[in-house]
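Q: One structure, as structure tokens, below. Some questions next.
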Amino acid sequence: MGHVTSATASHDLTVLAQRALALAPEGHRVILGVAGSPGSGKTTLARTIADRVDDLAGAGTAVHLPMDGFHLANATLDALGRHDRKGAIDTFDGWGFVALLERVLAETGNTVYAPAFERAVDEPVAGSIPIPPGTRLVVAEGNYLLVDQDPWSRIPDLLAEGWFVTTPEAERMRRLVDRHTRHGRTVEAATAWARDVDGANAVLIEASRARATLLVDGTTGLPGAVA
């Protein structure tokens, strides 16, 4: 996937969208991977890039495909004894996600349906994200896309490029505590989860940034300029 570079201050999200679109010429489909730790801003970046590509090349050119649809069901996590660290790498169906990415590249003549994660029910919902035949760019996004563990280590070979969103730990923690409190946790419980669960996952995720094609700064007010 090439050597790591950093976007300069003159690059904005339109330039990044143009870079992404250039990966997917007419008549072809590619996957752009966007990785990063919890709270880094990767979801915001991935959604914005997909939307901006559609603005540039027409609606339906790009689809945002989050990895979160491959969370194991809560009942499964309970059975495995992993519910108290939901979001860790072994609380996802990694093999299922890899298989979906392979389908996305291979099945360009029919609509491929992907699951999404619904926070209202705290569960994945099947068939929520359609990827129609005309889609040229699929922006796959998630924590573990660049981690060097099987089956995740199979993902980089499926990507046209892999981007990693870099955000300092203090800012990620602030965002995570805010997110968790908005979803119903007390400040104390939100802080503990951000520190003990999200923080433990971030150690593994941050180590994967060296496998990225491009580093994007997640502290510059996404959507907006990157540095």
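Q: Using only helices, what value at 222 nm comes out for the chain when you add -39,500 (n - 2.57) per DSSP H run of length 4 or more and divide by the total residues, to the nearest 500 deg cm²/dmol? Could you put the intermediate results ahead of the total?
A: Numbers: 7 runs with 75 residues, N = 227.
Rounded to the nearest 500, the figure is -10000 deg cm²/dmol.
Q: Under 14 Å from the Cβ of Arg182, count the other residues' Cβ atoms, weight Lys and Arg +1, Asp and Glu -1, and hand me the total.
A: Working: positive: Arg119, Arg174, Arg175, Arg179, Arg185; negative: Asp122, Asp178.
So the surrounding residues net to +3.
Q: Related question: Please list the non-local residues whose amide H lies under 5 Å from the amide H of Ser128, H modeled 1.01 Å from N, same-chain partners needing a gap of 5 or more.
A: Ala114, Ala116
Q: Return the distance in nm (one decimal) between the two label points of a simple spin-label model at Arg154 and Val121, each offset 7 Å from Cα along Cα→Cβ.
A: Between Arg154 and Val121, the simple spin-label model gives 2.8 nm.
Q: Can you compute the label reach from Asn74? Point 7 Å from Cα along the Cβ direction, backbone N cut-off under 18 Å, restricted to the range 161-184.
A: 180-184
FYI, it's all coordinate maths here, none of it is from the lab. Quick caveat, the model's predicted, so the values are computed rather than measured. Note that each Cβ is placed from the backbone with ideal geometry, even for glycine, and that neighbours are counted across all protein chains shown.
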